[in-house]
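The values are calculated or read from the model by the stated rules, or taken from the named source; none is laboratory data. Keep in mind that what you see is a predicted model, and the values were worked out from it rather than measured. Every residue, glycine as well, gets a Cβ built from its backbone with ideal geometry; the counts of neighbours run over all protein chains shown. Surface areas here come from the heavy atoms of the whole protein model, side chains and all, with no ligands, DNA or RNA. Shrake-Rupley method; radii C 1.70, N 1.55, O 1.52, S 1.80 Å.
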Amino acid sequence: LTNHHVVADADEIVIALRDGREARAKVVGSDPDTDLAVLRVQLPSMPEITLRDSTTLRIGDVVLAIGNPFGVGQTVTMGIVSAMGRSELGINTFEDFIQTDAAINPGNSGGALVDAHGELVGINSAIFSKSGGYQGIGFAIPTRIVRQVFDEIVAHGRVVRGWLGIEPQLLTPELAYALGQPDAQGVVVSGLVRNGPAHVAGILPGDIISGFSGKPVTSPRQVIDGVAALKPGTKVTLDVLRE
């Protein structure tokens, strides 16, 4: 497993192991929307890592980031889980990052974020920095997402997701008042893909989606992630306020 942006433009991919072995790797498939890629390597006795369920992580848990920062060689840095569920950062289409203060720099991308027992909890992916280097805010893709993407790529060569064809916008109090629904909660449909599923079903720009499959909607991310988790062709029920 690695990041999509690590291998996207590569002419050749070589995997180097700690025991000195090297081998060429083939891309099984990649997913730009989560920035993950799956590689296949033909070598005997490959080392393996145990995947821990990232939903069991807690803020303050000790984690270690493994990578090759700035090409200096394999490096391990230590920190804690600073936050969970970081999203709307504009990095990936689907975001649910683990935030950590373990030092992550250019070259750490695609490396493992492990807990104190050496179990994988995330794939190091990005940093927030004004200098281009470590400033205490790093992001890793949690194994909750990694496992789903890995299984889809192995099964289909790509990730198959549900799709609604709307552009959801957060319903702020000011926007709700302007739409004549001051007490409404949910998301506003600010755009539609012509002839997409939502358009065909009768959704209109300006509609307020307050419920999705029987559950209250509180953010655009909730709608995007909920739809993406469904298989194409699945029927869903939307609670909609109009005019």
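Tally up the residues in region 73-92 that are surrounded by fewer than 13 Cβ atoms within 10 Å (Cβ to Cβ), touching a residue at least 24 places away in the same chain (Cβ under 8 Å) and under 18 Å from G110 (Cα atoms), please.
Number of matching residues: 1.
Residues I98, I145, I123, I141: which one is buried (at least 17 other Cβ atoms within 10 Å of the Cβ), touching a strand residue (DSSP E or B) at 6+ places or on another chain (Cβ under 9 Å), β-branched (V, I, T) and not in a strand (DSSP E or B)?
Being buried (at least 17 other Cβ atoms within 10 Å of the Cβ), touching a strand residue (DSSP E or B) at 6+ places or on another chain (Cβ under 9 Å), β-branched (V, I, T) and not in a strand (DSSP E or B) holds for just one of I98, I145, I123, I141, which is I145.
Which of the residues that make up region 101-120 are assigned to a loop (DSSP other than H, G, I, E, B) and open to solvent by less than 20 Å² (accessible area, probe 1.4 Å)?
Kept after step one, since they are assigned to a loop (DSSP other than H, G, I, E, B), are these residues of region 101-120: 101-111, 116-119.
Hits for region 101-120 are A102, I104, N108, G110, G111.
Conditions: (1) modelled with pLDDT of 95 or more; (2) under 13 Å from the mean Cα position of the chain (by Cα). G90 meets all but one. Number of the miss?
Only one criterion in (1) modelled with pLDDT of 95 or more; (2) under 13 Å from the mean Cα position of the chain (by Cα) is unmet by G90, namely (1).
Only one residue in R58, R18, R40 is of a type outside the set (V, I, T), surrounded by fewer than 15 Cβ atoms within 10 Å (Cβ to Cβ), under 23 Å from the mean Cα position of the chain (by Cα) and in a loop (DSSP other than H, G, I, E, B), so which one is that?
Within the list R58, R18, R40, the selection yields R58.
Could you pull out every one of the helices (runs of 4 or more DSSP H) wholly within region 148-237 that has 1 or more residues that are polar (S, T, N, Q)?
On the way: elements: 173-178, 197-201, 220-228.
Correct list: 220-228.
I need the full set of residues from region 195-235 which are surrounded by 15 or more Cβ atoms within 10 Å (Cβ to Cβ) and more than 25 Å from the chain's Cα centre (by Cα), in order please.
H199, I203, D207, I208
So if I check each of G191, G206, which one is on the phi > 0 side of the Ramachandran plot and modelled with pLDDT of 90 or more?
G206
If we scan region 24-33, do we find a residue that is more than 17 Å from S125 (Cβ to Cβ), of a type in the set (G, A, S) and loosely packed, with under 14 Cβ neighbours inside 10 Å?
Within region 24-33, not a single residue is more than 17 Å from S125 (Cβ to Cβ), of a type in the set (G, A, S) and loosely packed, with under 14 Cβ neighbours inside 10 Å.
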